[in-house]
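The values are calculated or read from the model by the stated rules, or taken from the named source; none is laboratory data. Since this is a predicted model, take the numbers as computed values, not measurements. Backbone-built Cβ (ideal geometry, glycine too); neighbour counts: all protein chains shown.
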Amino acid sequence: MTEIHVLSVAHLEPFQVDRLSAALAEAHTAGVDLGSRVPHIHDSAQSLIDLSSKLQSGTARLAATLDTLGIKDPATMNALECIIKACRTLSQSAASFPSHFNDET
């Protein structure tokens, strides 16, 4: 079985990400068994949950600031809420992705 290494890219420089991406693409093209992507999908789900929470917090601050200034923009606020909802739905789907999923199907 392929050993899975979870790589955090949170603190990598762009050139490092580019190098890792190129190496991954080369391995994929060569037909190397890269193992299951399920752990990465689950990790991405948590990142998306965190980011959507930050977006909701920022949206709430924006709404409060706009309200203080007397600016009403319900269409933009509604669009932001739709984006937050879509992010949460996607993150829930990724989080519930089955661990036993066969990548070859």
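When region 80-102 is examined, which residues are found to be among the small types (Gly, Ala, Ser) and either in contact (Cβ under 8 Å) with a residue 60 or more places away in the chain or in a helix (DSSP H, G or I) (or both)?
Selection gives Ala86, Ser91, Ser93, Ala94, Ala95, Ser99.
Got a number for residues in region 58-75 being surrounded by 14 or more Cβ atoms within 10 Å (Cβ to Cβ) and within 25 Å of the chain's Cα centre (by Cα)?
The number of residues fulfilling the criteria is 3.
Is region 58-79 home to any residue that is among the aliphatic types (A, V, I, L, M), in a helix (DSSP H, G or I) and either touching a Phe, Trp or Tyr at 6+ places or on another chain (Cβ under 6 Å) or in contact (Cβ under 8 Å) with a residue 40 or more places away in the chain (or both)?
Taking every residue of region 58-79 in turn, none turns out to be among the aliphatic types (A, V, I, L, M), in a helix (DSSP H, G or I) and either touching a Phe, Trp or Tyr at 6+ places or on another chain (Cβ under 6 Å) or in contact (Cβ under 8 Å) with a residue 40 or more places away in the chain (or both).
Check Ile83, Ile4 and return the single one that is surrounded by 10 or more Cβ atoms within 10 Å (Cβ to Cβ) and at pLDDT 90 or above.
Ile83
Hey, any hits in region 35-51 for a residue that's at pLDDT below 90 and on the phi > 0 side of the Ramachandran plot?
Yes: region 35-51 contains one or more residues that are at pLDDT below 90 and on the phi > 0 side of the Ramachandran plot.
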